[in-house]
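The values are calculated or read from the model by the stated rules, or taken from the named source; none is laboratory data. These numbers were taken from a predicted model, which means no experiment stands behind them. Please note: Cβ atoms are built from the backbone with ideal geometry, for glycine as well, and neighbour counts cover all protein chains shown. Protein only, heavy atoms only, side chains kept; ligands, DNA and RNA dropped before computing areas. Shrake-Rupley method; radii C 1.70, N 1.55, O 1.52, S 1.80 Å.
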Amino acid sequence: MSVLVSISLNTPPTSLSSLAFLSFRNQMGNLLKVLTCTELEQGPNFFLDFENAQPTDCEREVWNQVNTVLQDSESILSGLQAYKGAGQEIRDAIQNPNDMLLQERAWNSVCPLVIRLKKFYGFSLRLEKALQGLLESLTCPPYTPTQHLEKEQALAKQFAEILHFTLRFDELKMRIPAIQNDFSYYRRTISRNRINNMNLDIESEVNNEMANRMSLFYAEATPMLKTLSTATTNFVTENKTLPLENTTDVLSTMASVCKVMLETPDYTSRFNSEDTLLFCMRVMVGVIILYDHVHPNGAFNKSSKIDMKGCIKVLKEQPADNVEGLLNALKFTTKHLNDESTPKNIRTMLQ
């Protein structure tokens, strides 16, 4: 999938009067600002290739580090999708507390699941570091955030892929209540020391401290989004010499580009599959949520550089099954939606 905007403003159409041409030029300037969040002098062309971008020599070091993380993302999603839980075994053990056979059966069913949950949690920590590495590259001087996105296509693509994975993971996790039930049973069993003569080697894998951290992670409705929001907030806090706008402009620019791609038939007609539409939608929602957590006024304020009304409208024009989880993410994982400064029509659109 690729988007190319190329408009020449140097030579006015011969059929236009001077006044009409000025109006034409202003309209085109506004379009370019929507796409690039930059002034016309910085260049009328904006090309962001989510599908085919390859790293340049300057990008390669960071790209390799992030790619090491991203190449495991599909196996993480497959492992989560295949998660069935140990609900029946746990119920049988609870209903028959004196039946050691059933206790062992439940314990032996839960332990490998807890190891899998630890793997998911560990991946979130790796993803957090990868995101911060990308933010560092995409916001550092002397380039503006838009120039970074234009020059470092492969890193922009990886940023999008992280957000795409994150929304997919959280959509799946919300449909699997067994995760928290299994983990709660594990913690109760360990803390009460009710298992005698059983294999407790798992305690070296998931000790009490690790269990506490995992418990906080899985208690979130959207744990991966929470991880990325915290990582982005920490990035801004820890880089005090870096203007906040460097970070928020990267996010708002990506949101604007995704919105334009989704609402423009000439672009959507080039998409090869519905997956490409979903990719754009997830990336758009992901950067909106990060922006809302990082910017003091949030994404919904009238001063926001993100056209929230337009973004929500684009989502609502898609099949409901495709966007229900994304609209819920905007409702429940953003920080400023219910602020008094949020326009009422925006809140109404998300009800």
Working note, segment 148-269: Cα radius of gyration (Å, one decimal) and Dmax (Å, whole number) are 20.6, 66
Could you state how much accessible area L326 has, in square angstrom rounded to the nearest 10, with a 1.4 Å probe and all protein chains kept in place?
-> 0 Å²
Might you work out the accessible area of S273 for me, using a 1.4 Å probe with all protein chains in place, and round it to the nearest 10 Å²?
-> 50 Å²
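In terms of solvent-accessible area of protein heavy atoms at a 1.4 angstrom probe, what is the ranking of C140, C258, C58, highest value first? Mind dumping the intermediate values first?
Details: C140 50, C258 0, C58 130 Å².
So the residues, ranked largest to smallest area, are C58, C140, C258.
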Out of Q158, S191, M261 - ranked by how far each Cα lies towards the positive end of the dipole of segment 145-275, with unit charges on the beta-carbon of charged residues - the top one is S191
Dipole in debye (nearest 20) - segment 160-291, about Cα centre, beta carbon charges: Lys, Arg +1; Asp, Glu -1 = 480 debye
Computed on Cα atoms, the radius of gyration and Dmax of segment 255-351 in angstrom are 13.0, 42
Over segment 258-297, what percent of the accessible surface lies on carbon and sulfur atoms, probe 1.4 Å?
-> 41 percent
Peptide ranges 97-110, 213-226 listed from the most packed, as the mean C-beta count within 10 angstrom indicates = 213-226, 97-110
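Taking the Cα centre of segment 206-351 as origin, work out the dipole magnitude from +1 charges on Lys and Arg Cβ and -1 charges on Asp and Glu Cβ, in debye rounded to 20.
Numbers: 15 positive and 16 negative charges, 64 e Å.
The dipole of segment 206-351 has a size of about 300 debye.
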Heavy-atom accessible area ranking, 1.4 Å probe, most first, across Y143, Y121 = Y143, Y121
Carbon plus sulfur fraction of accessible area for segment 104-231, probe 1.4 Å, in percent = 46 percent
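Determine the per residue accessible area of segment 223-334 with all protein chains present and a 1.4 angstrom probe, expressed in square angstrom. Present the calculation step by step, with values, prior to reporting the outcome.
Values: 4490 Å² over 112 residues.
For segment 223-334, the per-residue accessible area is 40 Å².
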How far apart, in nm, are the 7 Å Cα→Cβ label points at I94 and S303?
-> 5.0 nm
